[in-house]
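Enquirer: My structure is below; once you've seen it, I'll send some questions.
The values are calculated or read from the model by the stated rules, or taken from the named source; none is laboratory data. Being a predicted model, the structure only gives us computed values, none of them experimental. Cβ sites come from the backbone with ideal geometry, for glycine too, and all protein chains shown count toward neighbours.
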Amino acid sequence: MRKKVILFLIMSCLMVLSCCRKKEVRVNYKELEKKRKAMVVEQIEERGIRDRRVLEVIERVPRHEFVPEKYRAFAYEDSPLPIGDGQTISQPYIVALMTECLNLEGEEKVLEVGTGSGYQAAILSELSKEVYTIEILKPLAKKAEELLKKLGYRNVKVKYGDGYLGWEEYAPFDGIIVTCAPEHIPQPLIDQLAEGGRMVIPVGEVHFTQFLKLVEKREGKVTMRNVIPVRFVPMTGDEVEKQKR
């Protein structure tokens, strides 16, 4: 009899905890949706991002799905967040700015260097026809690929490899976005940029001022200009090390 009472109490506690947990999740996700909408207006639109398609997509894509669970409450804060392996998911405004710089219309083929959590790839997925994204850290590449598939982003192809070299198999690209900072712009990326294409890339040493640069290719000529000063994790890999020798 005593065992039955104890078992009943344990089962009752588990049911209560389960109900509370379910209720808490519903409240949290509703709150996250409100925070996402506020983020678009207060952090992005008010800072000058005007491309309606970019704003609408960022309001739609669940950024909290791309950060570790312990940081989900902060997913819509005005800051980068750790995603593991010494990497971060970029500040929402920077994601919006870099995306807007590409001037996407919907039919483009885009290369991303530095998949990270997969968040930027998800944004690009809804704004372009095809997205090819490269991540040098295998655990991140695998995790991002699985998450993007789970969330239904079918036009994104993920590769584990050295982004310095680009992805020649699918070049040229109408847009290239780089989410890690090399000390100079990799020549393979310039070569793989299509005529009329745009590349947005942070450039500079990690302990010095980095600048987000907009690179354009017109009639075979490459032009570039600084957009804003930024702070990104450094580009790594064998090719980067070769350039330093």
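Enquirer: Regarding MET235, is this residue modelled with pLDDT under 95 and either under 20 Å from MET98 (Cα atoms) or surrounded by 15 or more Cβ atoms within 10 Å (Cβ to Cβ) (or both)?
Expert: Yes, satisfied.
Enquirer: Another one. Hey, could you check region 179-214 for residues that are touching a Leu at 6+ places or on another chain (Cβ under 7 Å) and assigned to a strand (DSSP E or B) and say which is farthest from LEU111 (Cα to Cα)?
Expert: Filtering region 179-214 for residues that are touching a Leu at 6+ places or on another chain (Cβ under 7 Å) and assigned to a strand (DSSP E or B), the one farthest from LEU111 (Cα to Cα) comes out as PRO202.
Enquirer: Of everything in region 114-129 that's among the small types (Gly, Ala, Ser) and not in a loop (DSSP other than H, G, I, E, B), which residue is surrounded by the most Cβ atoms within 10 Å (Cβ to Cβ)?
Expert: Restricting to residues being among the small types (Gly, Ala, Ser) and not in a loop (DSSP other than H, G, I, E, B), the top hit is ALA121.
Enquirer: I would also like to ask the following. Name the one entry in VAL230, VAL222 that is among the β-branched types (Val, Ile, Thr), touching a helix residue (DSSP H, G or I) at 6+ places or on another chain (Cβ under 7 Å) and without any contact (Cβ under 8 Å) to a residue 60 or more places away in the chain.
Expert: The match here is VAL222.
Enquirer: Turning to a different aspect of this structure: Given (1) under 18 Å from LEU111 (Cα atoms); (2) surrounded by fewer than 16 Cβ atoms within 10 Å (Cβ to Cβ), identify the lone condition not met by GLU219.
Expert: (1)
Enquirer: Among the numbered conditions (1) farther than 14 Å from VAL113 by Cβ; (2) modelled with pLDDT under 95; (3) touching a helix residue (DSSP H, G or I) at 6+ places or on another chain (Cβ under 6 Å), tell me where LEU214 comes up short.
Expert: (2)
Enquirer: Does any residue in region 83-106 that is buried (at least 18 other Cβ atoms within 10 Å of the Cβ) come within less than 6 Å, Cβ to Cβ, of a residue that is part of a loop (DSSP other than H, G, I, E, B) and among the charged types (D, E, K, R) six or more places away or on a different chain, and which pairs are these?
Expert: GLU100/ASP51
Enquirer: Any chance you could count how many residues in region 62-80 are crowded, with 20+ Cβ neighbours inside 10 Å and of a type in the set (A, V, I, L, M)?
Expert: Here the count works out to 2.
Enquirer: Further question: In region 130-157, which residues are in a loop (DSSP other than H, G, I, E, B) and touching a Ser or Thr at 6+ places or on another chain (Cβ under 7 Å)?
Expert: ILE136, TYR153, ASN155
Enquirer: Could you give every pair whose Cβ atoms fall below 6 Å, whose first residue belongs to region 170-185 and is of a type in the set (D, E, K, R), and whose second residue is not in a loop (DSSP other than H, G, I, E, B), counting only separations of at least 6 or pairs across chains?
Expert: ASP174/LYS109; ASP174/ALA194; ASP174/GLY197
Enquirer: MET39 fails exactly one of the following numbered conditions: (1) at pLDDT below 95; (2) surrounded by 13 or more Cβ atoms within 10 Å (Cβ to Cβ). What is the number of that condition?
Expert: (1)
Enquirer: Quick check on my filter: what residues within region 62-99 are in a helix (DSSP H, G or I) and more than 14 Å from the chain's Cα centre (by Cα)?
Expert: The answer is GLU69, LYS70, TYR71, ARG72, ALA73, PHE74.
Enquirer: Pairs only if they're at least six apart or on different chains, beta carbon under 9 angstrom, first in region 191-208 and over 15 Å from LEU124 (Cα atoms) and among the polar types (S, T, N, Q), second outside any strand (DSSP E or B) and at pLDDT 95 or above; list them, first residue then second.
Expert: GLN192/GLY166; GLN192/TRP167; GLN192/GLU168; GLN192/TYR170; GLN192/ALA171; GLN192/PRO172
Enquirer: On the basis of being exposed (fewer than 13 other Cβ atoms within 10 Å of the Cβ) and at positive phi, does GLY48 make the cut?
Expert: Criteria met by GLY48.
Enquirer: May I pose another question? On the given criteria, is ILE83 over 28 Å from ILE190 (Cα atoms), among the β-branched types (Val, Ile, Thr) and touching a Ser or Thr at 6+ places or on another chain (Cβ under 6 Å)?
Expert: yes
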